[in-house]
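Participant: Below you will find the structure I want to go over with you.
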Amino acid sequence: MQGRSPGGSFVLSTDYSFSSQSTGAHPGLESEPARAPQLLDQAREKIRTLQYSLRTEQTYLDWVKRYLLFTQAKRSPKDMGAVEVRAFLTHLAVDQKVSAATQNQALNALLFLYKRVLQKDLGDIGEFDRAPKTDRRPLVLSPEEARKVIDCLEGRFHLMGVLLYGTGLRLMELVRLRVRDVDFQLNQIVVRDGKGEKDRFTMLPRTSRTELEAHLAQVKRLHEMDLAEGNGAVALPLALEQKPPTVLKDWGWQYVFPSKSLSEDAPGVVRRHHIHETTLQTAVKKAVRRAGLEKPATVHTFRHSFATHLLEAGYDVRTVQELLGHKAVSTTMVYTRVLNSGAKGVRSPADF
């Protein structure tokens, strides 16, 4: 198992010790014995028991590793506490120059480690240097720009672009979308286990219906070929992994955007996973260039544009909040700051 940090990389070697491969992050750390494997296994088990997402698992475990590297694993984390956590958070802000969101992510991971895994109350962590908060407004495309980028997407990426802009889905929510969650009768999409481990509904754009139906017909033919060859299984959410093998091959559980190749997850365990998110990110990046846009638009820009254009169309912020799956309306309110044009929509005197 291995991980990487901005200041250097590390490897959890086979003799269960940390070895440094960085050029300056922790120069004194060569082969310090650590209780890391057992601790990481305990953390992983707790995360899966609570049914957190795979990305949350990977993120939390990475922060635990980085914390252990920072403290050089001289003592058990259970013997450390608020002092070490405070020093680590300060190190991230002062030395690593991370953003406020990244520092908060690290804090949440360590709070989880101590409270849920080590069952130790950190108490008051005290004051530590906070990473500066940035007051950036979300990048938004105009409807014309969004359509221009989508038109420059080819094949299945065109459909994915339409759905990104037309539903407000996050990147991973789209690539993990399953056939059973597309409802043509009600013209809606069910987003299961979204950010915050919550389900929600969003609309299915009518303009995507014909293209999506044709795409699913192709995917079903691919699935039938897999079944004919003795394959056809798909990974299920953790709580459903113990279902009968027939469920793993059910059409409804298949991914809407499957990978073009099969994967052998373990000896004798062959599955077809969803398309890798980086392929869509690369396709959108190329489409932005082909469209001639100067804006540094990404996959997530479609989500920003979705929210802003709905508010511009007169839909109330609470409705948009529910469609986006935001926990707090204050998160959605950021899009009200990019409505209209210019400075708060004020006309320049030169335009009178």
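Participant: Sort out for me the Cα centre separation of the range 175-234 from the range 295-311, rounded to whole Å.
Facilitator: Comparing the Cα centres of the range 175-234 and the range 295-311, I get a distance of 23 Å.
Participant: Mind checking Rg over Rh on the range 150-218, alpha carbons, Kirkwood formula for Rh? Numbers along the way, then the final one.
Facilitator: Details: Rg = 11.6 Å, Rh = 12.3 Å.
That ratio equals 0.94.
Participant: Return the aspartates and glutamates within reach of LYS133: Cα separation strictly under 19 angstrom, same-chain partners fewer than 8 residues apart disregarded; answer none if there are no such residues.
Facilitator: ASP95
Participant: With a 1.4 Å probe and all protein chains left in place, how much accessible area per residue does the range 263-305 have, in Å²?
Facilitator: On the way: 2330 Å² over 43 residues.
About 54 Å² of surface per residue is accessible.
Participant: Principal axes first, then extents: for the Cα atoms of the range 200-241, list largest minus smallest coordinate on each axis, whole Å, largest first.
Facilitator: Principal extents (largest minus smallest coordinate, Cα): 36, 28, 6 Å.
Participant: Kirkwood Rh, Cα Rg: Rg to Rh for the range 207-270? List each step's numbers first, then the result.
Facilitator: On the way: Rg = 12.8 Å, Rh = 12.8 Å.
Rg/Rh for the range 207-270 comes to 1.00.
Participant: If I ignore ligands, DNA and RNA and count only protein heavy atoms, how much of TRP253 is accessible to a 1.4 Å probe, in Å² to the nearest 10?
Facilitator: My reading of the accessible area for TRP253 is about 40 Å².
Participant: Where the Cα atoms of the range 145-284 are projected onto their three principal axes, how long is each span, largest first, in whole Å?
Facilitator: Computed over the range 145-284, the largest-to-smallest principal extents equal 47, 30, 28 Å.
Participant: Something else about it: Ignoring ligands, DNA and RNA, what percent of the 1.4 Å accessible area of the range 121-259 is carbon and sulfur?
Facilitator: On the way: 3900 of 7600 Å².
Carbon and sulfur: 51 percent of the exposed surface of the range 121-259.
Participant: To make sure I understand the rule: partners must be lysines, Cα under 19 Å from the Cα of LYS286, and not fewer than 8 residues away in the same chain. Which ones qualify?
Facilitator: LYS148, LYS295
Participant: A further question on this structure: Around GLN218, under 14 Å between beta carbons, what's the net of Lys plus Arg minus Asp minus Glu among the other residues? Mind dumping the intermediate values first?
Facilitator: Values: positive: ARG156, LYS220, ARG221, LYS260, ARG272; negative: GLU211, GLU213, GLU224, ASP226.
Charge balance in the 14 Å sphere: +1.
Participant: Next up: Report, ordered by chain and residue number, the lysines lying within cross-link reach of LYS220, taken as a straight Cα distance under 18 Å and ignoring same-chain residues fewer than 8 apart.
Facilitator: Straight-distance partners of LYS220: LYS249, LYS260.
The values are calculated or read from the model by the stated rules, or taken from the named source; none is laboratory data. Keep in mind the model is a prediction, meaning the values are calculated, not measured. Positions of Cβ are backbone-derived with ideal geometry, glycine not excepted, and every protein chain shown enters the neighbour counts. For accessibility, only protein heavy atoms count, side chains too; no ligands or nucleic acids. Shrake-Rupley method; radii C 1.70, N 1.55, O 1.52, S 1.80 Å.
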